[in-house]
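Colleague: Submitted below is the structure of interest, expressed as structure tokens.
The values are calculated or read from the model by the stated rules, or taken from the named source; none is laboratory data. Everything numeric here is computed off the predicted structure, so don't read it as measured data. A quick note on method: Cβ atoms are made from the backbone with ideal geometry, for glycine too, and the neighbour counts reach across all protein chains shown. SASA here: full protein model, heavy atoms, side chains in, ligands and nucleic acids out. Shrake-Rupley method; radii C 1.70, N 1.55, O 1.52, S 1.80 Å.
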Amino acid sequence: ILAICLVTYLALVPILRSVVLPAIAVALNMLTVAATFGLLTLLFVGDAPPLGGAGKLDVVTVTGMFVITFALSIDYQVFLLTRMREEYVRTQSHVAAVEFGISKTARIVTGAAAIMIAVFVAFALSSFSLIQQLGVGLATAVLIDATIVRLGLLPSVMKLAGDKTWWLPVWLDAKLPYLDTEGAVFA
């Protein structure tokens with residue numbers, strides 16, 4: 001888990017041109033994963049779990065769920081944050097960047113999340129415990145991530161952090177490769 005978080009953080013630094021924003025992104029991803037696993041524990045673990053099953057979580061299912069949840073969460077995050085970065089580069093206003101990013105991506109993220117939740121709910125209706133756990137877990141993760149985290153917590157944390165959100169040491173900026181995620185070369 002630490003290795004995945006570290007690699008994700010290091011990959012996001014040159015894309016977002018910040019050392020703070022990738023840390024926020026990874027921390028919020030882990031929050032999504034923790035909330036999902038907490039709910040799964042409530043629903044599937046114990047002597048008489050509410051949704052039935054063996055009373056425990058399957059390690060293979062949980063591992064797969066972590067990987068899928070983290071990947072989906074980062075996907076939403078990169079989509080949203082690159083739009084925010086695009087506006088920040090243009091205006092140098094963190095408030096405008098957050099508002100622009102949310103306004104340009106909220107409907108797309110919500111629509112994609114609704115489709116994925118529908119698919120995962122189909123898995124959750126399975127009578128096979130492992131598939132049911134996977135479906136409930138992934139549907140929960142997408143719901144939490146696309147609503148509470150992406151459209152609520154992320155903008156709030158970014159607004160609280162202010163311009164520090166976009167901080168990148170000058171020496172690091174000079175050493176990082178330039179990745180044209182905003183398409184400025186074609187503008």
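Colleague: Of all residues in region 102-125, which are closer than 18 Å to Arg85 by Cα and open to solvent by 60 Å² or more (accessible area, probe 1.4 Å)?
Modeller: Ser103, Lys104, Ile108
Colleague: Under the condition of being over 25 Å from Met116 (Cβ atoms) and among the β-branched types (Val, Ile, Thr), which residue from region 71-100 is nearest to the chain's Cα centre (by Cα)?
Modeller: Step by step, filter region 71-100, then rank; the result is Val95.
Colleague: Can we say Gly46 is farther than 30 Å from Lys164 by Cα, at pLDDT below 90 and either surrounded by 20 or more Cβ atoms within 10 Å (Cβ to Cβ) or of a type outside the set (A, V, I, L, M, F, W, C) (or both)?
Modeller: So Gly46 passes the test.
Colleague: Output the qualifying pairs, or none if there are none: Cβ atoms under 7 angstrom, residues six or more apart or on different chains, first residue in region 116-135 and within 19 Å of Gly38 (Cβ to Cβ) and modelled with pLDDT of 90 or more, second residue open to solvent by 60 Å² or more (accessible area, probe 1.4 Å) and in a loop (DSSP other than H, G, I, E, B).
Modeller: Gln132/Leu51
Colleague: Looking at Thr69, Thr32, Thr61, Thr8, which one is open to solvent by less than 30 Å² (accessible area, probe 1.4 Å), part of a helix (DSSP H, G or I), polar (S, T, N, Q) and under 22 Å from Leu176 (Cα atoms)?
Modeller: Values: Thr69 fails: under 22 Å from Leu176 (Cα atoms); Thr32 fails: under 22 Å from Leu176 (Cα atoms); Thr61 fails: under 22 Å from Leu176 (Cα atoms).
Answer to the selection: Thr8.
Colleague: While we're here: Among Asp145, Asp163, Asp75, which is the only one that is among the acidic types (Asp, Glu), touching a residue at least 24 places away in the same chain (Cβ under 8 Å) and more than 30 Å from Gly55 (Cβ to Cβ)?
Modeller: Working: Asp145 fails: more than 30 Å from Gly55 (Cβ to Cβ); Asp75 fails: touching a residue at least 24 places away in the same chain (Cβ under 8 Å).
After ruling out the rest, the residue left standing is Asp163.
Colleague: Ok, one more. Can you find even one residue in region 130-142 that is of a type in the set (A, V, I, L, M) and within 27 Å of Val13 (Cβ to Cβ)?
Modeller: yes
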